[in-house]
1. For the range 59-80, indicate whether the set of residues that are among the β-branched types (Val, Ile, Thr), touching a Cys at 6+ places or on another chain (Cβ under 9 Å) and either surrounded by 24 or more Cβ atoms within 10 Å (Cβ to Cβ) or farther than 21 Å from Ala179 by Cα (or both) is non-empty.
2. Under the condition of being part of a strand (DSSP E or B) and open to solvent by 20 Å² or more (accessible area, probe 1.4 Å), which residue from the range 247-284 is nearest to Asn144 (Cα to Cα)?
3. Give the residues of the range 39-58 that are open to solvent by less than 40 Å² (accessible area, probe 1.4 Å) and under 17 Å from the mean Cα position of the chain (by Cα), sorted by residue number.
4. Can Ser200 be described as without any contact (Cβ under 8 Å) to a residue 24 or more places away in the chain and in a strand (DSSP E or B)?
5. When residues of the range 113-133 are filtered for being surrounded by fewer than 19 Cβ atoms within 10 Å (Cβ to Cβ), in a strand (DSSP E or B) and small (Gly, Ala, Ser), how many remain?
6. Restricting attention to the range 205-233, which residues are under 16 Å from Asp187 (Cβ atoms), more than 17 Å from the chain's Cα centre (by Cα) and open to solvent by 50 Å² or more (accessible area, probe 1.4 Å)?
7. Condition (residue is closer than 30 Å to Phe38 by Cβ and open to solvent by 50 Å² or more (accessible area, probe 1.4 Å)) applied to the range 150-169: is it met by at least one residue?
8. Output the residues belonging to the range 170-197 that are in a strand (DSSP E or B), open to solvent by 50 Å² or more (accessible area, probe 1.4 Å) and over 21 Å from Asn233 (Cβ atoms).
Amino acid sequence: MKPKQIFVSILAVLFVFPLMGFAQQAPNTGSIEVITTFDYPGTGNSTEPQKINERGDVVGAYIDSLGVTRGFVRFSDGSFSDPIVDPNDTVGFTEGRGINNSRTVVGDYVSSDGTEHGFFLSGGAFTEYDVPGATNTAVLGINNPGDFNGTFDPGSGTLQAFVSRGGTITSWSVPAALATLAYEINDSKQLTVGYYVDASGIIHGYYRDADGTLHFPIDPSGSTTTILFGDNNRNWVVGRYTDASGVTHGLFFVPPDTFFTFDYPGSTFTSLNGISSQGFICGRYVDASGIAHGFIARVKGIPPTNKAGTELKPFNSRSSVTPPKPVAR
């Protein structure tokens, strides 16, 4: 397989990878409660939110019944943008990946030769972005000062993470990793989060301090795969992990070692992808027919300040959302 095909495959598989769970809470710490669910308009669309800004706008992508991927923004009033399609996307693959308070959207698309490119969308205008010299680029997050981050292939087939701060690009890889991706940098630049693929092909979370120190692997007890997707200005982190039975759970993480779990009631898949500084979270779950739906949730109470216990007590969300039917397994 060619390096550019590997690049697209890693991003696409991890973007739609299905798994499962139910709502939980660390004792005397707080909870995550669903506020609403939503779907991008249209029959059979799978809706996959990615990030949420301080205004409550959510960026993401949806996959239609023909397998075409388009970006979208769900505005804080509940309305949706038109489908986001990069003008150079000729193969039906454009993703919205990040959004800041000025509603600048970043993401990636695939051109006719199968190459992945990053883009910026602001004021209705698209600007293509590629890390200089890269054969593939995906822009995965943007903060309010305009710093942005993502991943690129320098031509070796090994993906590297990058961040652009004030126009200066810094790249890195977790030692011996087959791929390293940076998903979000917060406004203070204290914390960049993402994941990497180790030499055995196992996926782990990591985070990077402002001084460049890498902390890895970040894996909850009992996990076999961990992905960190988003952070906020309080250094709260969200993502997902898979356990040994193949069940995947939404993950709330406070560095360096505090975790608690959220699972959408009755679902076969829960992923937490973005979090605002107010504690609002965007994510998705998958219903019994395999369709993904977006949701907005919130952190209530005080997140844990000490390492969570090995057993998390179940917590039933007081949301008015009707859980989907359980999936047979």
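1. Within the range 59-80 (the criterion being among the β-branched types (Val, Ile, Thr), touching a Cys at 6+ places or on another chain (Cβ under 9 Å) and either surrounded by 24 or more Cβ atoms within 10 Å (Cβ to Cβ) or farther than 21 Å from Ala179 by Cα (or both)), the answer is yes, since at least one residue qualifies.
2. Taking the candidates together, the pick is Phe280.
3. Within the range 39-58, Ser46, Thr47, Glu48, Pro49, Gln50, Lys51, Ile52, Asn53, Gly56, Asp57, Val58 qualify.
4. The answer is no for Ser200.
5. 2
6. Once the filter is applied, which keeps residues that are under 16 Å from Asp187 (Cβ atoms), more than 17 Å from the chain's Cα centre (by Cα) and open to solvent by 50 Å² or more (accessible area, probe 1.4 Å), the range 205-233 yields only Ala210.
7. Within the range 150-169 (the criterion being closer than 30 Å to Phe38 by Cβ and open to solvent by 50 Å² or more (accessible area, probe 1.4 Å)), the answer is no, since none of the residues qualifies.
8. Ser171, the sole residue that qualifies.
The values are calculated or read from the model by the stated rules, or taken from the named source; none is laboratory data. Quantities reported herein were computed from a predicted structural model and do not represent experimental measurements. All Cβ positions, glycine included, derive from the backbone under ideal geometry; neighbour counts span all protein chains shown. These accessible areas exclude ligands, DNA and RNA; they are computed on the full protein's heavy atoms, side chains included. Shrake-Rupley method; radii C 1.70, N 1.55, O 1.52, S 1.80 Å.
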